[in-house]
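The values are calculated or read from the model by the stated rules, or taken from the named source; none is laboratory data. Quick caveat: nothing in here was measured; it's all calculated off a predicted structure. Counting neighbours? That spans all protein chains shown, and the Cβs are built from the backbone with ideal geometry, glycine included. For accessibility, only protein heavy atoms count, side chains too; no ligands or nucleic acids. Shrake-Rupley method; radii C 1.70, N 1.55, O 1.52, S 1.80 Å.
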Amino acid sequence: MLAKLTTGVREYARTIHSTAAANSFAAPHIAPAGAAFGLIHGDHDPVVAFDRLYQADESHPSFEGSYLVAGVFGAVITGRSPVGLPAPRNDTS
């Protein structure tokens, strides 16, 4: 599954970057959040268990899943790794 997702994201990125260049506008950044979820799913010793990335409905991200996505977006926007940043407190549980 991760291989297909990664291939799809790369193909999408190529398409939008080509379109942007042809039309003289800046190409958007692509944040591979799905790939981050996929990496945790395939990790045999994850920091956070994969099932904790989703709410009870198994569709929407949990606090941990949202934090993972925020880290991916932050890395794409700033170009810096979020590894080592302090984790926020989850005061909603």
_Relative contact order %, the chain, counting alpha carbon pairs below 8 Å whose residues are six or more apart_ = 21 percent
*At 222 nm, what helix-only mean residue ellipticity would the chain give, in deg cm²/dmol to the nearest 500, using -39500 (n - 2.57) for each DSSP H run of four or more?*
-16500 deg cm²/dmol
_Please list, ordered by chain and number, the residues whose modelled amide H lies under 5 Å from the amide H of TYR54; skip anything fewer than 5 residues away on the same chain._
SER62
*Heavy-atom accessible area of HIS17 with all protein chains present, probe 1.4 Å, nearest 10 Å²?*
80 Å²
*Could you order LEU53, LEU5 so the one with the most accessible surface comes first? Probe is 1.4 Å.*
LEU5, LEU53
*Sort ASP91, ASP57 from largest to smallest accessible area, using a 1.4 Å probe on the heavy atoms of the protein chains.*
ASP91, ASP57
*What is the Cα centroid distance between the stretch 1-52 and the stretch 57-93, reported in whole angstrom?*
16 Å
*Paramagnetic reach from PHE50 in the stretch 1-35 [backbone N under 14 Å; point 7 Å along Cα→Cβ]*: 1-5, 34-35
*Could you pull out the longest piece of the chain with no exposed loop trypsin sites (Lys or Arg not before Pro) in it, calling a site exposed if DSSP puts it outside H, G, I, E, B and it has at most 15 other Cβ atoms within 10 Å?*
1-79
*So how exposed is TYR67, as accessible area in Å² (1.4 Å probe, rounded to 10)?*
90 Å²
*Rank PHE25, PHE50 by accessible area, highest first, at a 1.4 Å probe radius?*
PHE25, PHE50
_Probe 1.4 Å, accessible area per residue of the chain, Å²_ = 77 Å²
_Hull shadow area, averaged, the chain [alpha-carbon convex hull, nm²]_ = 7.6 nm²
*Quote to one decimal, in nm, the extra length available between ALA21 and ALA87 on full extension: 0.36 nm per residue of separation minus the C-alpha distance between them.*
20.0 nm
